[in-house]
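As structure tokens, the structure follows; a few thoughts come after it.
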Amino acid sequence: MTKTFSIAVFHGDGIGPEIMAPTLEILQRMSDASTAYALRFEDAPAGAAHYARTGESLPETSMETARNADAILLSAMGLPDVRYADGTEISPQIDLRKALKLFAGVRPVRVKAGQKGPLTLPPGREIDFVLIRESTEGLFHTQGRGEVSENEARETLLVTREVSEKLFAFAFALARTRKETGRGPGRVTCVDKANVFRAFAFFRKLFDAEASRHPDLAADHVYVDATALWMVQKPWDFDVLVTENMFGDILSDLGAGLMGGLGLAPSADIGLEHAVFQPCHGSAPDIAGQGLANPLAMILSGAMMLDWLGIKHDIPAMTRDGTRLREAVEDVVARGDATTRDIGGTASTDTAARAVLDTMFVA
């Protein structure tokens, strides 16, 4: 029996609509070919351009569409010249994280053996790890509400037991899934700065408590500065990394750099009931409308969505399709003949997306 899923679609700003369109085309093609699932897309207006037109960055109707959807696809959001009155950016994606309690920011980092990239991997080595960033508190807790006076400014870092326990349970569950599917050794690394900050010592204590519940999995700790070093020196050693919001924000861009750039960096923000899937990069309004945008991070985010829905609803065919789509993108990147200029190629947005579609349905 075919199960139909409702997908809320936020088309985004700048290049957002240009990379969302081919992603939806590919997902629709996969849905049409499947007898196990079907996808129904529902538009949800939001973003900086919408704010400039209407005075609303995330209308309540769009929030309700997101709440009622089975999953949310969100393209690049924000425009540098459109801001709130206090000078902060238009960021509906952060509003969604907080409203839907999407505590786990999932940032996969994948470089196949032999694939060209900033690092020359040793023979036989590949990079395949996942960075999990807590997405609702940490140093982002007082976003837009920090205290600023003439002589000083203060922001509050928040770490709570409630959110951290869910975060760590998610991290160990992911490590177990990766181990069972042959993607990793089953190890979770807590990335913190517990030697300096009491908040991170508390964070580590909660991590250790969760680790004790999983004796079949390995657990260790690394300070964030050492993690940044080792992500460059020996990234193949990592499996699942879990960290605070700000540290995760920074390290996820380093992970994108390992792959060749943000144009190859997908992400998900996941809670107990809802999940948003989006590329890590920005809206790049300077190249909007020119056919130069890299659609691969958006397409990979769609693959993550299929995988998450397949696991959540126990539809193996959906999970397999998520893997097929991810591997098709990896094949296009490895061949290098249909990549956009940000990762060293000359292909247009449509050419890169078409290469993925052809790899799946023609090759």
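The values are calculated or read from the model by the stated rules, or taken from the named source; none is laboratory data. Since we're looking at a predicted model, the values are computed, not measured. Neighbour counts run over all protein chains shown; Cβ positions are idealised from the backbone, glycine included.
If you take the residues in segment 31-47 that are among the hydrophobic types (A, V, I, L, M, F, W, C) and assigned to a loop (DSSP other than H, G, I, E, B), which one is surrounded by the fewest Cβ atoms within 10 Å (Cβ to Cβ)? Step through it out loud before you land on a result.
Filtering segment 31-47 for residues among the hydrophobic types (A, V, I, L, M, F, W, C) gives 33, 36, 38-39, 41, 44, 46.
Retained after the next criterion (residues that are assigned to a loop (DSSP other than H, G, I, E, B)): 36, 44, 46.
Details: A36: 16, A44: 25, A46: 29.
Here the answer is A36.
Examine segment 146-162 for a residue that is crowded, with 21+ Cβ neighbours inside 10 Å and not charged (D, E, K, R), and state whether such a residue exists. Break it down into steps so the answer makes sense when it comes.
Step one: list which residues in segment 146-162 are crowded, with 21+ Cβ neighbours inside 10 Å, which gives 159.
Going one step further and asking which of them are not charged (D, E, K, R), we end up with 159.
Yes, the conditions are met somewhere in segment 146-162.
Residues checked against (1) outside any loop (DSSP other than H, G, I, E, B); (2) modelled with pLDDT of 90 or more; (3) crowded, with 17+ Cβ neighbours inside 10 Å:
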site	(1), (2), (3)
R125	no, yes, no
L131	yes, yes, yes
H141	no, no, yes
K166	yes, yes, yes
A169	yes, yes, no
R178	yes, yes, yes
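Check D249, D314 and return the single one that is acidic (D, E) and touching a residue at least 12 places away in the same chain (Cβ under 8 Å).
Numbers: D314 fails: touching a residue at least 12 places away in the same chain (Cβ under 8 Å).
Result: D249 is the single residue among D249, D314 that is acidic (D, E) and touching a residue at least 12 places away in the same chain (Cβ under 8 Å).
Only one residue in D208, D321 is more than 19 Å from R107 (Cβ to Cβ), assigned to a helix (DSSP H, G or I) and touching a Ser or Thr at 6+ places or on another chain (Cβ under 9 Å). Which one? Don't jump to the end; show me each part of the working.
Details: D208 fails: touching a Ser or Thr at 6+ places or on another chain (Cβ under 9 Å).
Being more than 19 Å from R107 (Cβ to Cβ), assigned to a helix (DSSP H, G or I) and touching a Ser or Thr at 6+ places or on another chain (Cβ under 9 Å) holds for just one of D208, D321, which is D321.
Sort through A303, A297, A328 and tell me the only one that's more than 30 Å from K101 (Cβ to Cβ) and touching a residue at least 24 places away in the same chain (Cβ under 8 Å). Even if it seems obvious, please write down each step before you answer.
Numbers: A303 fails: more than 30 Å from K101 (Cβ to Cβ); A297 fails: more than 30 Å from K101 (Cβ to Cβ).
Result: A328 is the single residue among A303, A297, A328 that is more than 30 Å from K101 (Cβ to Cβ) and touching a residue at least 24 places away in the same chain (Cβ under 8 Å).
Provide a single number: the residues in segment 49-80 that are farther than 24 Å from L39 by Cα and outside any helix (DSSP H, G or I). If you could, list the steps in order and put the result at the bottom.
At the first step, the residues of segment 49-80 found to be farther than 24 Å from L39 by Cα are 49-57, 78-80.
Next cut, outside any helix (DSSP H, G or I) only: 55-57, 78-80.
Looking only at that region, the number is 6.
Of all residues in segment 229-265, which are farther than 20 Å from R183 by Cα and outside any helix (DSSP H, G or I)?
T243, E244, G260, G261
Output the residues belonging to segment 98-125 that are closer than 24 Å to V242 by Cβ and without any contact (Cβ under 8 Å) to a residue 40 or more places away in the chain.
Correct list: K98, A99.
All but one of (1) at pLDDT 95 or above; (2) out of contact with any Pro (no Cβ under 7 Å at 6 or more places or on another chain); (3) more than 30 Å from G271 (Cα to Cα) hold for A352, so report the exception by its number.
(2)
Tell me which residues, restricted to segment 180-206, are hydroxyl-bearing (S, T, Y) and surrounded by 14 or more Cβ atoms within 10 Å (Cβ to Cβ).
Kept after step one, since they are hydroxyl-bearing (S, T, Y), are these residues of segment 180-206: 181, 189.
Result: T189, single match.
Restricting the search to segment 126-185, which residues are in contact (Cβ under 8 Å) with a residue 24 or more places away in the chain and small (G, A, S)?
The answer is S135, G138, G144, S164, A169, A171, A175, G184.
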